1. Can you say what percent of the DSSP beta bridges in the chain, counting only those with both residues inside, are antiparallel? Round to 5.
2. Once whole DSSP H runs in the chain are found, which of them have Cα atoms spread over 27 Å or more along the helix axis and a mean Kyte-Doolittle score of at least 0.0?
3. For the range 242-371, what does the alpha-carbon gyration tensor say about shape, rounded, prolate or oblate, given a ≥ b ≥ c as the root eigenvalues, a/c under 1.5 as rounded, and a/b over b/c as prolate?
4. Hey, any idea what Rg/Rh is for the range 235-290, computing Rh the Kirkwood way over Cα pairs?
5. Just the number, please: percent antiparallel of the DSSP beta bridges in the range 110-265, rounded to the nearest 5.
6. Pairs of Cα atoms under 8 Å, at least six residues apart: use those to get the relative contact order of the chain, whole percent.
7. Can you tell me the FRET efficiency between residue 353 and residue 147 if r is taken as the Cβ-Cβ distance and R0 is 51 Å, rounded to the nearest 0.05?
8. Residue 179: which lysines have alpha carbons under 30 Å from its alpha carbon, excluding same-chain residues fewer than 8 sequence positions away?
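Read-outs throughout are calculated quantities, based only on the coordinates presented, and are distinct from any laboratory measurement. Note that this is a predicted model, so its numbers are computed, not measured. Note: ideal-geometry Cβ built from the backbone for every residue, glycine included; neighbour counts use all protein chains shown.
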Amino acid sequence: MPSLRFGGNAVAVAVLLAVSSVQAAAPDSPAGLVQAMQETLLRRDAAGYLALVDQRDQMFATEHRRFVEDWVARPPQDVRLTLTNVRQSGDQTLGQLRWSWRTAANVQRDVTVTSAFRQIDGGWRYAGEAFPVVLAEGQVLAQSGQEDVARAIAADLDSTLKLVGRVLGYGPAQPPVVKVYDSYAALSASVQLSLQPVGGWNEPGEAIKLAAPRWPESRATLAHELAHAAVFSRFGEGQSRIPWWLHEGVAHFAASGIWTEQARASYLQRSAAWHRQGRLVPWDRLSNFETTPGDLWPHVYGQGYAFVRFAADRYGMPRLTAFMQELASGQTIQVAASRAFGSTFDRVDQDWKIWLGTQAVSTVTSRPPLP
């Protein structure tokens, strides 16, 4: 899913993460821990909250620090955490943790997730969502009820990785970890309390996350997220300079190797129709996840896919990758296009629109991918 950037909030978030109000005693029970989590969240005490989290797993620590960054930058309202059905399971304690809150956009959210709690140095710590299903030597983790689809993902993971590598010319540097959630709400709540429900997610240093996937229909979603992981590996920290629409366009293009021919045609017609109707959105309005309104998300994915499809056909994937490398190194989009494509981006954009106008409208019946 989209690359997360906090822009102007970065300094404030860093300060809040570094400074806690009062060092509290370690909670002596899971119930006391959940109460302390709620209190620190309500007062936006990021460091105090993270002191209550078991951060020994590097991937979960990265995921949860970004979770905290989000609620510092976009404070939820009326937060309530409720713990029920506490029980022992191996070396950890499990419980049903209900999160209830209102987003900054005044949308009520509620989700209950089986969560893990551990005793560390005499006090209790939150260890995140529980994943009792562990397959492929830890590469596939799943919540209860997702056993069958987790086995299918484990069986298809290597072939899907190879497909992404063939399309892009590169893949993730490290074997990916896939976490399978039982609902869109559970996945989204694990990422950001401000996030609208999504079916897939991936960010640098995090697991690929899939929500209630159906197989084989969701294999394209897996390929999309694997493509994100490949881009993060290929361009390193510079990936944050690549526009969001290009991130999503590349990921959708990689995933389109799994779509039917009709689905590819149908999805391209979105942008062709926007072009005919004068409804294409300027690229600079689709470049940043944080500032792009939700009603423009379909343009991020649709226009991004159409541009990447055009560029891969006209110039080839190696030159598109060179374009991304120039952007990742800090070049402007005009300079990056001139160096990679031999034309300014404005001219490439004009050529793309001409190309869109040549795409024949056809009647298709297969459901196109979302969004």
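1. 80 percent
2. Working: long enough: 147-168 (30 Å, 0.49).
Helices passing the filter in the chain: 147-168.
3. prolate
4. When Rh is taken as the Kirkwood radius, the ratio is 1.04.
5. That works out to approximately 60 percent antiparallel.
6. 14 percent.
7. In this case the efficiency is close to 0.60.
8. Correct list for residue 179: 162, 209.
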